[in-house]
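For reference, the structure discussed in these notes is given below.
The values are calculated or read from the model by the stated rules, or taken from the named source; none is laboratory data. Small disclaimer: the values here were computed from a predicted structure and weren't measured. Positions of Cβ are generated from backbone atoms using ideal geometry, with glycine treated the same way; all protein chains shown enter the neighbour counts.
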Amino acid sequence: MHHLRIDRWSRGSSSLHDRDPRAKLAALLVLLVAISTTPASAQLAFAAYAALLVLAVQQARLPIAGLAGRAALVLPFSATFALLTWWSGDSLRALALAEKSFLSGLAALLFVATTPLTGWTAALESWRVPRMLILVIQFVYRYLFVIAEQAQRMRWAALSRRGSRPRFRRGWFDFSAAAGLVGVLFARSWQRADGVYNAMLARGFRGRFVPATPAPFRGTDAVFVSACLAGSLAIRLLL
Amino acid sequence: MNSAIRIRGLRYRYPDGTQALDGVDFDLQPGESVALFGANGSGKTTFVLHLNGLLRGEGSVEICGLPLSDETLEQIRSKVGVVFQDSDEQLFMPTVLEDVAFGPLNLGLAPSDALARARAVLDRVGMGHALDRPPYHLSAGEKKRVAIAGVLAMEPEILVLDEPTTFLDPPARRDLLALLRSLPQAKVLVTHDADLARALTTRAMFFDRGRIAGQGDVIEVIQRFHWEYS
């Protein structure tokens, strides 16, 4: 599962993993602002942002292809707007739109892949992000496992009962089976999520995930944020 | 001395109208172990969900002398450790160590203390080698051990075990039995497994349509209700 792999990546060991989640969140926001405000004509700047991110991925000892592939999942969403812009005759702006969404996705993914969930949600909490929003993020993330596992079990059950139906009917069979699976998946996931929540309450959950490994904000974290700020600003203003 | 659990006249009706519990009285003394038998849907699991306030029905529930209420809920949840039937529902943190530390952190322990307690409990249940593993990758027996560790880490006075041997192969079942025997807490054991009940408990109660149809010595109850697979 994708999120399982990202979870594993987030528990890696590198100088980027070691940075305080608050420092990484600050660096991410600076970079996102710089990327989103870069004019479409500054193609060199986009290349520089990409180089910066590739360097960071290497520093974090993560597979660039794996991260880039996942970051590319945002492209279908931005492609609609990019195509509309392209049809209206502004191909450079269309390209910049795709570049911005991909680079922003890659930056956010790099943050999540180098920071365990409890760390980055604690960082959001320290930034006074509303508790309800943080809880929603945490539950969505947790229940992804639940739903993905449930879907996999149901798919196996469906496949093992599919037998050898005639090829010409298989397409319709697959479609109707998939439609049924989605309905049942929703009901079962709800039941299972309820069970998970009960288990959390039974172990004293009071609406807040307490991080097991809180880290103090160190001087190196301040240097890291400063370096990211300087790098992003330099690319944004000079290229 | 206070009873570990004292329940009088417990009634619970699900929103769909099903009367799951219909006037249950129950007592458990400190250190005592009792088995709950009964057919599927007879109300056993609904009953145990009342022991730490996950469900709230009519009647009185007292845990270690504390009446169950909004004010005592947190205290009661630290005293009653529930091990759910499906370990996958109980293991939700990314690593085994973090999962076991989840309860102690919620109790307000400092992270270093919570992690130290989690490590000690995992050693005790024989899972000290799996601290950094994701719980999803463990075998059924290992998951059950980690689930029990997660509950033991909260140092409860009462252990509630809902079908603890479900999904376990014979060696894992034997290991689990040895582990449960070594634990000093009072135990409420929901099970269909008569052998497990004989090995762990001295007293049993038989649920039927939300009521206690019979109770007494575990061997007598098994014989009276023919509660054996063969």
**Request:** Give the residues of the stretch B:104-141 that are over 19 Å from B:E89 (Cβ atoms), in a loop (DSSP other than H, G, I, E, B), more than 11 Å from chain A (Cβ to nearest Cβ) and within 20 Å of the chain's Cα centre (by Cα), sorted by residue number.
**Result:** B:G126
**Item:** Matching option when the condition is farther than 19 Å from B:I5 by Cα and assigned to a helix (DSSP H, G or I), among B:A199, B:A213
**Value:** B:A199
**Message:** Going residue by residue through the stretch A:10-23, is there one that turns out to be surrounded by fewer than 14 Cβ atoms within 10 Å (Cβ to Cβ), on the phi < 0 side of the Ramachandran plot, assigned to a helix (DSSP H, G or I) and polar (S, T, N, Q)?
**Reply:** yes
**Request:** Take A:S14 and decide whether it is away from chain B (no Cβ under 14 Å), within 17 Å of the chain's Cα centre (by Cα) and among the polar types (S, T, N, Q).
**Result:** no
**Message:** Being at pLDDT below 95 and either over 13 Å from the mean Cα position of the chain (by Cα) or outside any strand (DSSP E or B) (or both) narrows it down to one residue among B:L21, B:L10, B:L54; which is it?
**Reply:** B:L54
**Request:** Tell me, please, whether a residue that is over 20 Å from B:M154 (Cα atoms), β-branched (V, I, T), in contact (Cβ under 8 Å) with a residue 60 or more places away in the chain and within 14 Å of chain A (Cβ to nearest Cβ) can be found in the stretch B:37-45.
**Result:** yes
**Complete:** Cβ pairs under 7 Å, 6+ apart or interchain, first in the stretch A:202-231 and over 30 Å from B:V82 (Cα atoms) and within 12 Å of another protein chain (Cβ to nearest Cβ), second part of a loop (DSSP other than H, G, I, E, B) and modelled with pLDDT of 80 or more, ordered by first then second residue, are A:A215/A:D20
**the stretch B:24-45, subset of a type outside the set (A, V, I, L, M), closer than 18 Å to B:D217 by Cα and surrounded by fewer than 22 Cβ atoms within 10 Å (Cβ to Cβ), residue farthest from the chain's Cα centre (by Cα)** = B:D25
**Asked** For the stretch A:33-105, which fully contained helices (runs of 4 or more DSSP H) count at least 2 residues that are within 21 Å of A:I235 (Cα to Cα)?
**Response** A:43-59
**Complete:** B:G65 vs (1) away from chain A (no Cβ under 12 Å); (2) buried (at least 22 other Cβ atoms within 10 Å of the Cβ): all pass except (2)
**Residue list for the stretch B:46-58, restricted to those being closer than 20 Å to B:A194 by Cα and either within 12 Å of chain A (Cβ to nearest Cβ) or surrounded by fewer than 20 Cβ atoms within 10 Å (Cβ to Cβ) (or both)** = B:V48
